[in-house]
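Worksheet for the structure shown next.
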Amino acid sequence: MKLGTVISAALSVAAACLGPQQAAAAGKYDGSAPMICGAMMVTECGADGRCQYRTAENVNLPSLFRIDVKAMKVRNLEAEKGRESPIKNVEHMDGAMVLQGAEGARGWTLVVHEATGKMSATVSADGEGFVVFGQCALP
């Protein structure tokens, strides 16, 4: 049942971004309003150089999360207690918003294209790294 909820939510994020709202929201993914993001593809790489496609859940990353730049937090929307990761740095350059932070033993960088809401992120820890691609939508 949890998987069905995650898939439904991810499809809702994608549908919201592909519909007519995208033109109206162009340039709005600059952090001035909270946004919901879905991780669509995750690649996990080990220190030995081998990489494989995984799901966000399989590598303990959120597949659906809320970015609130004003509150300086990224919140996992699937965790029962709403696990949050603080945003430590925000930069705007060349039409992209770049966020950086850390949680536990993992550091992360997340980039959102300000016109389209397309998202990519990297997460790194001792002996492992992840590349995540997805889409953000304005609620």
Criterion: under 19 Å from Asn76 (Cα atoms) and at pLDDT 50 or above - qualifying residue of Ala10, Ala47, Ala39: Ala39
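For every residue, the table says whether it meets (1) open to solvent by 30 Å² or more (accessible area, probe 1.4 Å); (2) at pLDDT below 95.
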{"site": "Val98", "(1), (2)": "no, no"}
{"site": "Glu103", "(1), (2)": "yes, yes"}
{"site": "His113", "(1), (2)": "yes, no"}
{"site": "Thr116", "(1), (2)": "yes, no"}
{"site": "Ala137", "(1), (2)": "no, no"}
Within the stretch 83-126, track down each residue that is within 21 Å of Arg54 (Cβ to Cβ) and part of a loop (DSSP other than H, G, I, E, B). Arg83, Gly104, Ala105, Asp126
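Just a yes or no: is a residue in the stretch 85-95 basic (Lys, Arg) and surrounded by 15 or more Cβ atoms within 10 Å (Cβ to Cβ)?
No, every residue in the stretch 85-95 fails to be basic (Lys, Arg) and surrounded by 15 or more Cβ atoms within 10 Å (Cβ to Cβ).
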Give just the number: which of (1) in contact with a Cys (Cβ under 9 Å, 6 or more places away or on another chain); (2) in a loop (DSSP other than H, G, I, E, B) does Val74 not satisfy? (2)
Set Gly31, Gly49: member being in a loop (DSSP other than H, G, I, E, B) and crowded, with 16+ Cβ neighbours inside 10 Å: Gly31
For Phe130, work out the one condition from (1) surrounded by fewer than 17 Cβ atoms within 10 Å (Cβ to Cβ); (2) at pLDDT 95 or above; (3) more than 17 Å from Met35 (Cβ to Cβ) it doesn't fulfil. (1)
Hey, any hits in the stretch 127-138 for a residue that's touching a strand residue (DSSP E or B) at 6+ places or on another chain (Cβ under 6 Å), closer than 15 Å to Asp30 by Cα, touching a residue at least 60 places away in the same chain (Cβ under 8 Å) and not in a strand (DSSP E or B)? yes
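The values are calculated or read from the model by the stated rules, or taken from the named source; none is laboratory data. Model, not experiment: these values are computed from the prediction. Note: ideal-geometry Cβ built from the backbone for every residue, glycine included; neighbour counts use all protein chains shown. The protein model used for the area step is the full one, side chains on, heavy atoms only, and it has no ligands, DNA or RNA in it. Shrake-Rupley method; radii C 1.70, N 1.55, O 1.52, S 1.80 Å.
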